[in-house]
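Notes follow the structure.
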Amino acid sequence: MSELNMINEPAQEENNRIRFAVAVASGKGGVGKSTVAVNLAVALAQKGLKIGLMDADIYGPNVPTMMGVTSLPETQGPKLLPAVAHGVKIISIGFLVPPGQPLIWRGPMLHGAIRQFVQDVDWGELDMLVIDLPPGTGDAQLSLAQTLPLTGGVIVTLPQKVSLEDALRGLEMFRTMDVDVLGVIENMSFLEMPDGQKMDIFGEGGGQDLARDAGVPFLGAIPIDPAVRQGGDEGVPITIAKPDSPAARALSGIATALVETLNAAEPDESGDFEIEITD
Ligand SMILES: Nc1ncnc2c1ncn2[C@@H]1O[C@H](COP(=O)(O)OP(=O)(O)O)[C@@H](O)[C@H]1O
Ligand SMILES: [Mg+2]
């Protein structure tokens, strides 16, 4: 608990400047939400953008392991300094509690932790803050939406029917909270066999159908690749470890599609608001 109290300092006057805040959600766990959030953040940073990654999955904070970092740097002032890995600034509850220790959160604690992740972390200037939400449609989502003006959310789903039903709930959740749905991402879309044939392990085309039915952009499909899993376990995301693999290319394409969606949704005459990709 002492670590948590440590961040209980009053927020300082210097403001973080975060242009876009995008939450990555799914109806349930295990669909690759954290994997997508991590690789999306890295892919955006690879395109020359200033990116932060907030692990708001306080029940299963996987971002530190997936990004290969174990601790935060020493604080220099009243705010927490985020960890930095693979060109991305990172904060996670995983830095503040011992690994493997179960966390039992009461609503107000949860709300406080998420508020602190927004206000008491020295994010500096970011083009985008990517937020890995816990699965489901509960308190954390609400806290976040109340604390941070979210630009929008993206939904990660598998192509299969039951996952789509969950994804639809995630989509409805955003809409109830008045958060724009920026698009649908389909993960584990197919497995490419050694002979080049594609095997649809979890069904086919569901993400596209969901996006079409909901009237939101389909941002892309990510194949199944053991290297994706390996990258997560080893702390070197596939977008870094194997940038030319089909899965990494898909993730990079999704990052571009997201930026295009954001730029299209937020027209700004001065051009100030546009994110420019400089890779
Ligand atoms: N496209 C993929 N190919 C292979 N493994 C994947 C892929 N996406 C995710 N995984 C693996 O599936 C597991 C669940 O992913 P994770 O990102 O932790 O899901 P969630 O955050 O939704 O619970 C992890 O072991 C991850 O490495
Ligand atoms: Mg996760």
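In whole angstrom, region 164-229 maps to an equivalent ellipsoid with semi-axes of 27, 11, 10, each derived as √(5λ) from the alpha carbon gyration tensor and ordered largest first. The alpha-carbon of LYS28 sits under 24 angstrom from the alpha-carbons of these lysines, leaving out residues fewer than 8 places away in its chain: LYS161. Dividing the C-alpha radius of gyration of the chain by 2.2 N^0.38 Å, with N its residue count, gives 0.95. In summary, the lysines within cross-link reach of LYS50, defined as a Cα separation below 18 angstrom excluding same-chain residues under 8 places away, comprise LYS89. Its Cα centre serving as origin, the chain has a Cβ charge dipole (Lys and Arg +1, Asp and Glu -1) of approximately 580 debye. By the beta-carbon count within 10 Å of each Cβ, the least crowded to most crowded order of MET173, MET109, fewest first, is MET109, MET173. In terms of overall dimensions, the C-alpha atoms belonging to region 150-200 reach 46, 22, 8 Å along their principal axes, ordered largest to smallest.
Backbone amide hydrogens, once placed in the peptide plane, bring VAL156 within less than 5 Å of ALA25, SER26, ILE185, excluding anything fewer than 5 places away on its chain. Straight-line reach from LYS242: taking Cα to Cα under 18 Å and skipping same-chain neighbours fewer than 8 places apart, the lysines in range are LYS47. Return the calculated 222 nm mean residue ellipticity for the chain, to the nearest 500 deg cm²/dmol, obtained by summing -39500 (n - 2.57) across DSSP H runs with n ≥ 4 and dividing by the residue count. It comes out at -11000 deg cm²/dmol, rounded to the nearest 500.
Please give me the summed charge of the neighbours of GLY183: other residues whose Cβ is under 12 Å from its Cβ, Lys and Arg +1, Asp and Glu -1. Please report the intermediate quantities before stating the final value.
Working: positive: ARG212; negative: ASP180, GLU186, GLU260.
That works out to -2.
Computed from the coordinates by the stated procedures, all read-outs in this text should not be read as laboratory data. Bear in mind the structure is a predicted one, so any value in this text is a computation, not a measurement. Neighbour counts run over all protein chains shown; Cβ positions are idealised from the backbone, glycine included.
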